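J.: Sending over a structure as structure tokens; questions will come in a sec.
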Amino acid sequence: MSTLLLYGGHLIDPAAGVDAPADLVLKDGKVVEVAAPGKTKTVADEKLNLKGLIVAPGFIDLHVHLREPGQTHKESIATGTAAAAAGGFTSVCAMPNTRPVNDSPAVTRWMQDAERGAVVNVFPIAAATLGSQGEKLSDYQALRQAGAVALSDDGKPILDDHIMREALALAAKVGLTVIQHAEDTKISGTHPMNEGVTSFALGLRGQPTASEWQMVERDVRLASQEGGRLHVAHVSTGKSLEMVRLGRASKVAVTAEVAPHHFLFTEEACADYDTRYKMNPPLRSKADREAILRGIADGTVDAIATDHAPHALYEKEIEFDKAAFGITGLEVAVAASLTALVHEKLITLKRLVEMLSTNPAKIVGLKGRGTLAVGSVADVTIFDPKKRWIYDVEKTRSRAKNCPYGGMTFKGKVRATIVGGKVVFSEL
Amino acid sequence: MKAKPRSLLAIESLDSRQILDILALARRMNPARPRTTLRGRRIALLFYENSTRTRTSFEIAAKSLGASTVVIHATTASIEKGESLKDTGRTLQSIVDAIVMRHPSSGAPVLLSRLIDIPIINAGDGMHAHPSQGLLDAFTILNHKKSLKGLKIVTIGDIFHSRVARSDAHLFSKLGARVVFCGPDVLLPNTATALAPGVEIVRDMETALKGADVVMMLRVQQERLQGMQINVDEYIRRYQLTASRLKLAKKDAIVMHPGPMIRGMEMTDEVADCKQSVVLEQVLNGVKVRMAILQTILGGRR
């Protein structure tokens, strides 16, 4: 394998405490040298000039739906990971709501097979219960050995207290994180949008915020009793973040992610019955959006994850209450975060890298990732924090176009993505 | 002044001038004296939900203007076989000039109007809107009152599930009335006050009725309750319009109901048949107003 020198860039590696101009040498899939500009000693046969760009440990998306096996009319592992690469993600954690549900070592291995044509690393999140039915736990030990990095019944929350308790306890023993899509469906009714002024005016039934935060409250309580690590997926309400804070204050190992659409948009975006704004959890009120932004600024939010949820046009271009939940987001999440968080002076670039790489790597225990220290995996995301561009969803690498970001202008763009020392996306 | 509306999806998109123009035109319409202004125009009545009153009303209105109509029910073969709204709409677009549409999903006509180019007239979508009913309610009120400005219009009952209540509130608000909603929490969330300027909530029926010019009663839509618990006896005790309660309203107050009306539930027989009740008049006015809507949207457009 060739030796690649990345020079002229500004390295931000929070795990290694670096935020300075630096050159890196990648070899055999690893970082072999990090040095001050122009000071590397290793002889490289390829060089990339990264002047004016930020070099960061590869971004890790904790929440992606790749739809394979079983729903390749929406997305495939090849197309989804191609979109991930273009969006600066070197690793994606794939949710198990495939067909069949990924509740077995066989499916977990199949998803990681080279034949799938993945462009970036795929880390399966296995189903916490068989068939994600919420009744009987899957085999956590075997799933872990097959390569699963976490457990979740995403989309189908674990409602039964007893099962959630068992899941947390067993996952703790095996050393995996339980990721919960916090939604008490008895309260939410899985209605198509947030309950509030907009839903009333539109004549749509709404999900109250309580359906989310009450579930977070319960999960934090169970985690405090059972131990283990709890990760709350796509937090959409301020009160859920309150529950996370309370849990942390009493030493519960709880982490939280938010999706860009929840800090960019509010429920009002649904006002024209535009199904590109229909996702679960739904877009919430202005107050909740502000609370999410506060949670990002004050550190309550650990990670930004896309909840990339591709669907075919015919599943979205229908009546709002019947349309599928979810939007795509892999190609724009980094740009959206730079635009709405960094350039709005809410957080620093360093904190952004923490939320996109350092912390996700810790949350699902990806060794040698989330940092570019010597010896770590050569997964690198290179971006221009200032480049202005307009997202053209028609040119997406994803198979799906159910995306409200089309036509939006962003400040900040991913310029290259390197996975295991290999450039998988480049606009250099 | 805005141009003539291309489609009628909801009251929100009309300004008061456009509303008054339609109402003025409706005053000149009479199904007993048919016109031929829409001769040769073809109107599809696309009904995904059962309806007697509205469908008949639109059909008579269309025919009274000389248009030809075709009724398409959700049980129609292609729809039953799973054809999407988009494809049904596109198919119809090539053979008709306009679609009058009733659909159980809120926003379905908004969606269809984005997908095809012919005018869409919303004949009721889910819990969202029923603009022709709003217009005919305003028309009926104006038959009895000089203007809506300053009137106290009280709507009582299942407001949450009612597209009529929403369209009425938008329209009455635009024409300067005070809109008072009255009903139990589960059928009337507090968020309802944000619907339009001048909308308020009064939970106590007696208080709400005091000094009312118009009393609009709504049916509890049992079929849409989805597990909400309504104690019928309790509901009747608190929200049924009785003759004695009606006395709290102004002497010349009128009683309205968009139908279908369940006697013994939202109102007593006595009230339903009393002199102040204009329920049957609403039905006749419905045809006139729908003639005006069709004429406004389709007239002179080729």
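J.: Taking B:S78 as the residue in question, decide whether it is more than 17 Å from the chain's Cα centre (by Cα), under 19 Å from B:H130 (Cα atoms) and not in a loop (DSSP other than H, G, I, E, B).
T.: Working: more than 17 Å from the chain's Cα centre (by Cα): yes; under 19 Å from B:H130 (Cα atoms): no; not in a loop (DSSP other than H, G, I, E, B): yes.
Judged against the criteria, B:S78 is not a match.
J.: While we're on this one: Counting only residues that are of a type in the set (A, V, I, L, M) and surrounded by fewer than 21 Cβ atoms within 10 Å (Cβ to Cβ), which one in the range A:121-168 is farthest from A:G365 (Cα to Cα)? Lay out the reasoning, then the answer.
T.: To start, the set of residues in the range A:121-168 that are of a type in the set (A, V, I, L, M) comprises A:122, A:125-128, A:130, A:137, A:142-143, A:146, A:148-151, A:158-159, A:163-164, A:167-168.
Still in the running and surrounded by fewer than 21 Cβ atoms within 10 Å (Cβ to Cβ): A:130, A:137, A:142, A:146, A:159, A:163.
Numbers: A:L130: 23, A:L137: 21, A:A142: 17, A:A146: 15, A:L159: 26, A:I163: 23 Å.
Here the residue is A:L159.
J.: Assess whether A:A256 counts as being without any contact (Cβ under 8 Å) to a residue 60 or more places away in the chain, outside any helix (DSSP H, G or I) and either in contact with a strand residue (DSSP E or B) (Cβ under 8 Å, 6 or more places away or on another chain) or closer than 22 Å to A:I187 by Cβ (or both).
T.: On the way: without any contact (Cβ under 8 Å) to a residue 60 or more places away in the chain: yes; outside any helix (DSSP H, G or I): yes; either in contact with a strand residue (DSSP E or B) (Cβ under 8 Å, 6 or more places away or on another chain) or closer than 22 Å to A:I187 by Cβ (or both): yes.
Considered against the rule, which asks whether it is without any contact (Cβ under 8 Å) to a residue 60 or more places away in the chain, outside any helix (DSSP H, G or I) and either in contact with a strand residue (DSSP E or B) (Cβ under 8 Å, 6 or more places away or on another chain) or closer than 22 Å to A:I187 by Cβ (or both), A:A256 comes out as yes.
J.: When the range A:259-287 is examined, which residues are found to be over 21 Å from A:I179 (Cβ atoms), part of a helix (DSSP H, G or I) and not hydrophobic (A, V, I, L, M, F, W, C)?
T.: A:E267, A:E268, A:D272, A:T275, A:R276, A:Y277, A:K286
J.: Somewhere in the range A:235-249, is a residue assigned by TED's automatic domain parsing to the domain that holds A:P282, more than 20 Å from A:T300 (Cβ to Cβ), part of a loop (DSSP other than H, G, I, E, B) and among the hydroxyl-bearing types (S, T, Y)?
T.: We begin by selecting, within the range A:235-249, every residue assigned by TED's automatic domain parsing to the domain that holds A:P282; these are A:235-249.
This time we only want the ones that are more than 20 Å from A:T300 (Cβ to Cβ), so: none.
For the range A:235-249, residues assigned by TED's automatic domain parsing to the domain that holds A:P282, more than 20 Å from A:T300 (Cβ to Cβ), part of a loop (DSSP other than H, G, I, E, B) and among the hydroxyl-bearing types (S, T, Y): absent.
J.: Right, here's the next one. Only residues that are more than 16 Å from B:R245 (Cβ to Cβ), under 19 Å from the mean Cα position of the chain (by Cα) and not basic (K, R): list them for the range B:208-227, please. Reasoning before the result, please.
T.: Filtering the range B:208-227 for residues more than 16 Å from B:R245 (Cβ to Cβ) gives B:219-227.
Checking which are under 19 Å from the mean Cα position of the chain (by Cα) leaves us with B:219-224.
Once the filter is applied, which keeps residues that are more than 16 Å from B:R245 (Cβ to Cβ), under 19 Å from the mean Cα position of the chain (by Cα) and not basic (K, R), the range B:208-227 yields B:V220, B:Q221, B:Q222, B:E223.
J.: Could you tell me whether any residue of the range A:29-36 is within 27 Å of the chain's Cα centre (by Cα), not in a loop (DSSP other than H, G, I, E, B) and not hydroxyl-bearing (S, T, Y)? Can you show your working first?
T.: Initial filter on the range A:29-36 (within 27 Å of the chain's Cα centre (by Cα)): A:29-31.
After this cut, where a residue has to be not in a loop (DSSP other than H, G, I, E, B) as well, the list is A:30-31.
With not hydroxyl-bearing (S, T, Y) added as a condition, the list becomes A:30-31.
So far as the range A:29-36 goes, yes, one or more of its residues are within 27 Å of the chain's Cα centre (by Cα), not in a loop (DSSP other than H, G, I, E, B) and not hydroxyl-bearing (S, T, Y).
J.: Continuing with this model, one more query. Does the range A:57-78 include one or more residues that are modelled with pLDDT of 95 or more, part of a helix (DSSP H, G or I), aliphatic (A, V, I, L, M) and buried (at least 23 other Cβ atoms within 10 Å of the Cβ)? Even if it seems obvious, please write down each step before you answer.
T.: Of all residues in the range A:57-78, those modelled with pLDDT of 95 or more come to A:57-78.
Then keep just the ones that are part of a helix (DSSP H, G or I); that gives A:77-78.
Subsequent filtering for residues that are aliphatic (A, V, I, L, M) retains A:77-78.
With buried (at least 23 other Cβ atoms within 10 Å of the Cβ) added as a condition, the list becomes A:77.
Yes - at least one qualifying residue is present in the range A:57-78.
J.: Looking for whichever is surrounded by fewer than 18 Cβ atoms within 10 Å (Cβ to Cβ) and among the polar types (S, T, N, Q) here; the options are A:T348, A:T358. Which one fits? Break it down into steps so the answer makes sense when it comes.
T.: Details: A:T358 fails: surrounded by fewer than 18 Cβ atoms within 10 Å (Cβ to Cβ).
The match here is A:T348.
So that you can scan it fast, the table gives a plain yes or no per residue for (1) in the same structural domain as A:N49 (by TED's automatic domain parsing); (2) more than 27 Å from A:G155 (Cβ to Cβ); (3) free of Cβ contacts under 8 Å to residues at least 60 places away in the same chain:
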{"position": "A:I296", "(1), (2), (3)": "no, no, yes"}
{"position": "A:G299", "(1), (2), (3)": "no, yes, yes"}
{"position": "A:H311", "(1), (2), (3)": "no, no, no"}
{"position": "A:Y314", "(1), (2), (3)": "no, no, yes"}
{"position": "A:E331", "(1), (2), (3)": "no, no, no"}
{"position": "A:T339", "(1), (2), (3)": "no, yes, no"}
{"position": "A:T348", "(1), (2), (3)": "no, yes, yes"}
{"position": "A:N359", "(1), (2), (3)": "no, no, no"}
{"position": "A:I382", "(1), (2), (3)": "yes, yes, no"}
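J.: Run A:G189 past the list (1) under 23 Å from the mean Cα position of the chain (by Cα); (2) on the phi > 0 side of the Ramachandran plot and report the number of the one that doesn't hold.
T.: The one condition A:G189 does not meet is (1).
J.: Across the range A:314-330, what is the total count of residues that are within 11 Å of another protein chain (Cβ to nearest Cβ) and within 20 Å of A:V64 (Cβ to Cβ)? Steps first, answer last, please.
T.: So in the range A:314-330, the residues within 11 Å of another protein chain (Cβ to nearest Cβ) come out as A:314-323.
Then keep just the ones that are within 20 Å of A:V64 (Cβ to Cβ); that gives A:315-316.
Qualifying residue count for the region: 2.
J.: Looking only at the range B:93-129, which residues are more than 10 Å from chain A (Cβ to nearest Cβ), part of a loop (DSSP other than H, G, I, E, B) and either within 20 Å of B:T56 (Cβ to Cβ) or of a type in the set (S, T, Y) (or both)?
T.: B:S94, B:V96
J.: Restricting to the range B:172-186, count the residues that are surrounded by fewer than 24 Cβ atoms within 10 Å (Cβ to Cβ) and assigned to a helix (DSSP H, G or I).
T.: Of the residues in that region, 4 qualify.
J.: Have a look at A:P105, A:P14, A:P100 and point out the one that is in the same structural domain as A:H234 (by TED's automatic domain parsing), in contact with a helix residue (DSSP H, G or I) (Cβ under 6 Å, 6 or more places away or on another chain) and surrounded by fewer than 24 Cβ atoms within 10 Å (Cβ to Cβ). Steps first, please.
T.: Details: A:P14 fails: in the same structural domain as A:H234 (by TED's automatic domain parsing); A:P100 fails: in contact with a helix residue (DSSP H, G or I) (Cβ under 6 Å, 6 or more places away or on another chain).
Of the residues listed, the single one that is in the same structural domain as A:H234 (by TED's automatic domain parsing), in contact with a helix residue (DSSP H, G or I) (Cβ under 6 Å, 6 or more places away or on another chain) and surrounded by fewer than 24 Cβ atoms within 10 Å (Cβ to Cβ) is A:P105.
J.: Kindly provide the set of residues from the range A:182-221 that are surrounded by fewer than 24 Cβ atoms within 10 Å (Cβ to Cβ), closer than 13 Å to A:I158 by Cβ and more than 14 Å from every other protein chain (Cβ to nearest Cβ), ordered by number.
T.: Passing the criteria: A:D184, A:R218.
J.: B:I230 versus (1) at pLDDT 95 or above; (2) more than 14 Å from chain A (Cβ to nearest Cβ): which is the lone unmet condition?
T.: All conditions are met except number (1).
J.: Would you mention how many residues in the range A:12-34 are under 22 Å from A:P360 (Cα atoms), among the charged types (D, E, K, R) and free of Cβ contacts under 8 Å to residues at least 60 places away in the same chain?
T.: 0
J.: Could you go through the range A:60-83 and let me know if any residue there is in contact with a Gly (Cβ under 8 Å, 6 or more places away or on another chain) and more than 24 Å from A:V414 (Cα to Cα).
T.: The answer is yes, given that some residue of the range A:60-83 is in contact with a Gly (Cβ under 8 Å, 6 or more places away or on another chain) and more than 24 Å from A:V414 (Cα to Cα).
J.: Scan the range B:130-142 for residues that are away from every other protein chain (no Cβ under 14 Å) and either within 8 Å of the chain's Cα centre (by Cα) or closer than 15 Å to B:V287 by Cα (or both) and report the count.
T.: Filtering the range B:130-142 down to residues away from every other protein chain (no Cβ under 14 Å) leaves B:132, B:135-142.
Checking the rest, the ones that are also either within 8 Å of the chain's Cα centre (by Cα) or closer than 15 Å to B:V287 by Cα (or both) come to B:132, B:135-140.
Going through the range B:130-142 one residue at a time, the tally reaches 7.
J.: In addition: As an exercise: evaluate B:D158 against (1) under 19 Å from A:F200 (Cα atoms); (2) free of Cβ contacts under 8 Å to residues at least 24 places away in the same chain and give the number of the one condition it does not meet.
T.: B:D158 satisfies all of (1) under 19 Å from A:F200 (Cα atoms); (2) free of Cβ contacts under 8 Å to residues at least 24 places away in the same chain except (2).
J.: Here is a check on your reading of the model: is A:T237 more than 10 Å from every other protein chain (Cβ to nearest Cβ) and either touching a strand residue (DSSP E or B) at 6+ places or on another chain (Cβ under 9 Å) or among the polar types (S, T, N, Q) (or both)? I'd like the intermediate steps shown before the answer.
T.: Values: more than 10 Å from every other protein chain (Cβ to nearest Cβ): yes; either touching a strand residue (DSSP E or B) at 6+ places or on another chain (Cβ under 9 Å) or among the polar types (S, T, N, Q) (or both): yes.
Yes; evaluated as a whole, the condition is true for this residue.
J.: So, one more: Looking at the range B:265-300 only, could you name the residues that are assigned to a loop (DSSP other than H, G, I, E, B) and touching a residue at least 12 places away in the same chain (Cβ under 8 Å)? Walk me through how you get there before you give the answer.
T.: Start the filter on the range B:265-300 by keeping residues that are assigned to a loop (DSSP other than H, G, I, E, B), which leaves B:265-266, B:268, B:273-276, B:278, B:299-300.
B:M265, B:E266, B:T268, B:C274, B:Q276, B:V278, B:G299, listed by residue number.
J.: Might you let me know whether the range A:335-345 holds any residue that is assigned to a helix (DSSP H, G or I) and within 14 Å of chain B (Cβ to nearest Cβ)? If you could, list the steps in order and put the result at the bottom.
T.: Initially, the range A:335-345 is screened for residues assigned to a helix (DSSP H, G or I), giving A:335-342.
Imposing the further condition that a residue be within 14 Å of chain B (Cβ to nearest Cβ) reduces the set to none.
Among the residues of the range A:335-345, not one is assigned to a helix (DSSP H, G or I) and within 14 Å of chain B (Cβ to nearest Cβ), which makes the answer no.
J.: Go through the range B:155-207 and report how many residues are under 16 Å from the mean Cα position of the chain (by Cα), within 13 Å of chain A (Cβ to nearest Cβ) and farther than 20 Å from B:E12 by Cβ.
T.: The total comes to 1.
J.: Additional query: Where residues in the range B:59-87 are within 14 Å of another protein chain (Cβ to nearest Cβ) and within 23 Å of B:P5 (Cβ to Cβ), which of them is surrounded by the fewest Cβ atoms within 10 Å (Cβ to Cβ)? Spell out how you get there, then give the answer.
T.: Quick first cut of the range B:59-87, residues within 14 Å of another protein chain (Cβ to nearest Cβ) only: B:74, B:79, B:82-87.
Imposing the further condition that a residue be within 23 Å of B:P5 (Cβ to Cβ) reduces the set to B:85-86.
Details: B:L85: 23, B:K86: 17.
It comes out as B:K86.
J.: Separate question: Does the range A:150-173 contain any residue that is β-branched (V, I, T), modelled with pLDDT of 95 or more and either outside the structural domain of A:P69 (by TED's automatic domain parsing) or within 20 Å of A:D61 (Cα to Cα) (or both)?
T.: The first filter runs over the range A:150-173 and keeps only residues β-branched (V, I, T), leaving A:158, A:163.
Filter once more, so that each one left must be modelled with pLDDT of 95 or more: A:158, A:163.
The next check asks that each one be either outside the structural domain of A:P69 (by TED's automatic domain parsing) or within 20 Å of A:D61 (Cα to Cα) (or both); those that pass are none.
Scanning the range A:150-173 turns up no residue that is β-branched (V, I, T), modelled with pLDDT of 95 or more and either outside the structural domain of A:P69 (by TED's automatic domain parsing) or within 20 Å of A:D61 (Cα to Cα) (or both).
The values are calculated or read from the model by the stated rules, or taken from the named source; none is laboratory data. In this text the structure is predicted, and so the values were computed from the model without any measurement. Heads up, the Cβs are rebuilt from the backbone with ideal geometry, glycines too, and the neighbour counts pull from every protein chain shown.
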